[in-house]
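Only the coordinates and a few stated rules stand behind these numbers; no lab work does. These figures come from a predicted structure and were not determined experimentally. Cβ coordinates were reconstructed from backbone atoms using ideal geometry, including for glycine residues, and neighbour counts include every protein chain displayed.
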Amino acid sequence: MPGDLDRDRALVRQLLDGDEAALQQFFDGMFARVYRFALARIDQREDAAEDIAQATLCHAMRRLETWRGEATLFTWVCTLCRREIQAWRLGQQLDAGGITLIEDDPEIRAALESLHDRGWQAAEAAVERRELAALVQRLLDHLPARYGDALEWKYLDDLPVRDIAARLDLSEKAAESLLTRARAAFRDVVRSVAPHLASTRPAAPRPSGVLP
Amino acid sequence: MSASDQFDQPPETPIAELLRLAGHRPQPSPQRAALALAAIDAEWRHTVRRRRRRRSLWRLATAAIVLLLLAPTAWIARRARRAAPPPVSQTLATLLAVSPPLRVATAGTGARAIPAQAPAHGHPPRAGDTLTAGAVLDSGASGRAAFRLTNGATVRLDEQTRVRVDAASRLTLERGAIYVESDSRRDAAPALELRTAQGVVRDIGTQFEVRAGDDDIRIRVREGEVELERRAPVPASGDAGRPPTADGSRGTVADGGGAPAPEAGGVDRDRVVRVTQAEEVRVGARGLLSRRIIPRHGADWAWVASIAPPFPIEGVRLAPLLDWVSREQGWSWRYADAATARHAGTVILHGSIDGLTPSQALDAVLPTCDLSHRLDGAQLIVHLDTR
């Protein structure tokens, strides 16, 4: 998205100029997302994911001047993170190829898209619920920085716009606007990966222990 | 109904339900995030410095070219040599005392967990070695050390402590305890900033100890005052459903003297806690803050004296030695009577007390001056030796 690239370029300029606030903004927007990016690829090893996320962002800081602005900053950081993961897996004597995820493998992506014809009930039967949840979480991480946070605060934590605005250090109007853009961006990304999910209401989750 | 109210209506949309189905995304621990931020901050500063240096060199090179066109060749050559000095790492601190084992890793080794490595100087670390930005000191199981920052503050490491020198006025305490004695001339240098996983401690002209655990912090102030700015909640998705963080974002105040408890789900706007002389403040794993009065002397401070930087006594009068010993021990001092004061006024010290603790130094020096001492609580009383 051109707007994201512009924002990323401005952020990198500020970072290279030594702006302390930009460092905090970079960290806030990246660390947790990179952590989850690593976590999903190293068998949910939390400690190692934290180490890898730190090493990745340190590496990004050292090479900041080499970011050319052709892909978003997060995409670039994910490329660095993949190398850190590979190094970690080699160190652990694991297959350096690692785990393939939705955003890595076009075939899996196509398979998910094929769920379109089967609808939500079929999707539940075909794909583990937690896998779907993990997919949605990863899609959130691929939205522009803070969009995922804002959506979680709004729809999972039920925070009013006023509180979200305070957390983002924005006016209420700006927070509303950000939420609108975040929803649209999320809908777009869901549509691009599994179109039916964005338009069909999922079945209500069944309470555990209750037979259908 | 305002626009914001409309936005707050329950959104029964597939998007909202998808988000609910997914639940909260996993989060790194706040403590680890704080350490990561410190490491990334150091790398960023290094990058910015390198870039500035390079820009300066470009500017100087451009200037040199202009001069080349305008000035005699010999003058230009001299100027060009000056324009591109070799980069030199800036010394930020000097080791004053070392009790092995101490390991020092230099800058550039790192990002991940900051491992202590073999001595960077080619020999075991020793007094007089200099430290540059990014140096990490690890005192191991039984080592201790003291160093002086170029801003004038002296810093001591207790056992099992790891600390990084980020700048002349900034350190990162990864674990363990340090004791800081800052330069009392407040106009001399900027205040020391000590970063920990639980927050940032700023010195306001003082002697203090900070002990950082995995998820708690204890600050004890012997003299003066320090300020603790507790970590803000790690900015990521909402904290509902997650345990309270160690930064106090959901903490309560045990004695009512510190930061107020934040409103549920709100932002803690008062994260700054002041700790004054003879006070101890602890912030526990769940953000619980407690405060108590403590003595400025005694066993809890013993480790500090054990690694006191050496005090040179050659040619010094007795009073400065007594000042030093009292400061190290948390005592005050006085002469027992006028006769003692007159006699002490004539004493000039010679020799060295290197390797002695302040208390041992007192025992070693006073008898050679026909003086003795006793303690009355926390007051050192020096009197003529009548034996």
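Miscellaneous remarks
- Site pair A:ASP47 and A:ARG83 shows an inter-label distance of 2.7 nm when each label is modelled 7 Å from Cα along Cα→Cβ.
- Taking label positions 7 Å along the Cα-Cβ direction at both B:LEU60 and B:GLU225, the computed distance is 4.3 nm, reported to one decimal.
- Label reach from A:SER192 (point 7 Å along Cα→C-beta): in region A:41-60, no amide nitrogen lies under 20 Å.
- For residues of B:33-39, the mean tally of beta carbons on other chains within 10 Å: 5
- Total formal charge among the other residues, if their Cβ is under 14 angstrom from that of A:ALA184, Lys/Arg +1 and Asp/Glu -1: +2
- Per-pair calculated FRET efficiency, R0 = 51 Å: A:ALA166 and B:ALA302 via Cβ, rounded to 0.05: 0.65
- Prolate is the label for region B:276-321, because a/c, from the alpha-carbon gyration tensor with a ≥ b ≥ c as root eigenvalues, is 1.5 or above and a/b exceeds b/c.
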